[in-house]
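Everything below concerns the one structure shown next.
The values are calculated or read from the model by the stated rules, or taken from the named source; none is laboratory data. These figures come from a predicted structure and were not determined experimentally. Here the Cβ positions follow ideal geometry from the backbone for every residue, glycine too, while neighbour counts run over all protein chains shown.
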């Protein structure tokens, strides 16, 4: 009888630790620019325009900057992220079910 060795590999990587902190929420949305990032889920796409309308009407948001992910399975394009960071005071990232 021969002796065999079984080697078990663990495919789990080590997470990089990053402390980016949390940005404080604005006290009000009045006069601010609100970013809306659709993550590609159709249900968020259906209500994003309503969010924009309510934000401008009820919360006196000055403008709404909308950006779209190609799909829920892909990362947000770098250009879209940069535009949201530079052009928005607060961003809502869409999640839909």
Does the range 36-56 include one or more residues that are at pLDDT 85 or above, surrounded by fewer than 17 Cβ atoms within 10 Å (Cβ to Cβ), touching a strand residue (DSSP E or B) at 6+ places or on another chain (Cβ under 9 Å) and in a loop (DSSP other than H, G, I, E, B)?
no
Given the options 67, 86, name the one that is surrounded by 17 or more Cβ atoms within 10 Å (Cβ to Cβ) and free of Cβ contacts under 8 Å to residues at least 40 places away in the same chain.
67
Unmet requirement for residue 35, which otherwise passes all of (1) under 12 Å from residue 94 (Cα atoms); (2) over 16 Å from the mean Cα position of the chain (by Cα)
(2)
Which of the residues that make up the range 71-83 are loosely packed, with under 12 Cβ neighbours inside 10 Å and modelled with pLDDT under 90?
71, 73, 74, 75
Only residues that are assigned to a loop (DSSP other than H, G, I, E, B), over 18 Å from residue 25 (Cβ atoms) and in contact with a strand residue (DSSP E or B) (Cβ under 7 Å, 6 or more places away or on another chain): list them for the range 57-93, please.
69, 76
